[in-house]
Every structure is written in structure tokens, then in C-alpha cells.
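Have a look at the structure below, then the notes.
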Amino acid sequence: MSLKKSSGNMYGWVTHTISFLHGRCSHECKYCYVQAMARKFPNMRSAYSGPIRLNQEAFKIHLGKGRTIFVEHLNDLFAANVPAEFITRVLKHCGKFPGNTYVFQSKNPWRFLDFTMQFPKQSTLGTTVESNIFYPEISNANPPTYRLAAITTLVSFQRFVTIEPVLEFNEMFIKYLRVARPDFVNIGADSKGYNLPSPSRAKILQLISELRAAGIEVREKTNLSRLTQK
């Protein structure tokens, strides 16, 4: 088993990915591509259904150096139902390879604070928000404003916010993002046809413009063009 090179609609700045967890993510987001694959492929269904458990084979992988590795891109390592000892073991394994940058992303980012002394030195922490509006029918995750508040506190790390899929939002969204002031923001669209409430082209362009005016770097994912190039 080897480290996987980043591909598809993954972040362009990530070079590799690794997943230490198996089991079904408790957030159960309607747009989750992992569960979409699990419905199609028996091996994915087996790996990403049932209770959260460790993928023991992943700990045998040599992580090398000089890489930017997205850790747990197929699950949420910091979800409330993941045992703390699982998180500690993953962080310790990554710490054995200090020559890399590690990317950790969660929809439960307040839990990052329980492990601040355990993260590898070169760690980038982020959260996903779809909007500032809470859509409980779309995800079991905490409200997006709760996630943004957590990111605001993590000033000793490089921090990012991913807005994907970007959903209908109101004027307070930009204010929340300015207060959080992440190092950069990724923005992407619903690219799987889930018929989600997408904002207008004008609103997205205004969001991007105002974030950049506030000195926040914006990285547009390729799938965003579906909404911005109408």
C-alpha cells in the first residue's frame, strides 16, 4: 500500500492524500462524494459503512518528505464520534515524517483545540462551510458559524476555510469570514448534481471580490466555473 497522489477535484496545492479511518462519517452530508462512491462500489461500501474504525494498513505507509498531504480526505478525523486515541495515533504517525506539510480539515474544528500540542509542526488546519445559513436538511454537522468561530481561534496555525459546495448565503457571510480571517479561502460548487440552493453568479463574484479586498487569498476550484461563467 502506497501514499496516493492527489487527483480529480482535490485541492491543487495538495500533492498526496491518505485515509486512516474506515466507517461512516457521522456528518452524513447530502453531497458527500464518499457515500456516493459507496453506493456504486462494493469495496467503498465495505470500507465506509458501519462504525468508525482504524484502517491499520495506512499506518504501514512511509509518508516521505517534501509533500503536502491531506490527512483523512475520505472521512472526518475530528468528528465527535471518533475516539481521541484514534486521533492521537494518526497525529503521532504523521509526526514521524516531519519533512511534510499536513492538511487537516474538519466540520467539527473546535476539536482541533484538544490536540494543538500534538499536531505535526507543519500543519494547516481548515474547515468546510457551505454558507453562513444553516441547512440542517443537508448535513448533520454543526452550524457553519460555529465552525468559523473555531477557525478564528487557531491563530498559531496556518488556517483555511473551504466554501464547497457554495450555497445561498446572505450579507453576513462576508462579515463572518472577515472576522475569521483565514490565510486563504477555497471556493467550489456542487458538481455532482444534488440540486442544492446555489447563489447567483453576481453574489459569488461579489464574495470573491470583497474577500480579496479584505486581504484574504481566494483560491477558486475548477468546478466553480459552472456558476461563475454563466
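Compared with the dominant principal axis of the Cα atoms in the chain, helix 201-213 is inclined by about 70°. Figure legend: label point modelled 7 angstrom from the Cα of Ala214 along Cα→Cβ; residues of region 116-138 with amide N under 20 Å from it are 125-135.
In terms of the mean number of neighbouring beta-carbon atoms within 10 Å, the peptides 38-51, 165-178 order highest first as 165-178, 38-51. Rounded to 0.05, the FRET efficiency of the Ser26 and Asn195 pair, given R0 = 22 Å and the Cβ-Cβ distance, is 0.40. Relative to the longest principal axis of the Cα atoms of the chain, helix 84-95 runs at roughly 80 degrees. For His22, the residues whose amide H sits under 5 Å from its own are Arg53, Leu54, Asn55, ignoring neighbours fewer than 5 places away on the same chain, with H placed 1.01 Å from N. The H on the amide N of Thr68, modeled in the peptide plane, is under 5 Å from the matching H of Thr15, His16, Thr101, each at least 5 residues off or on a different chain. Once the Cα atoms are used to define both axes, helix 144-153 deviates from the longest principal axis of the chain by about 70 degrees. Projected over all directions and averaged, the alpha-carbon convex hull of region 4-228 occupies 11.5 nm². Charge dipole of the chain (Cα centre as origin; +1 on each Lys and Arg Cβ, -1 on each Asp and Glu Cβ, all else neutral): 580 debye, rounded to the nearest 20. Between the C-alpha center of region 96-115 and that of region 1-69 there is a gap of 15 Å.
No lab work stands behind these numbers, since they all come straight from the coordinates. Since this is a predicted model, take the numbers as computed values, not measurements. Here the Cβ is made from the backbone with ideal geometry for all residues, glycine too, and neighbour counts use every protein chain on show.
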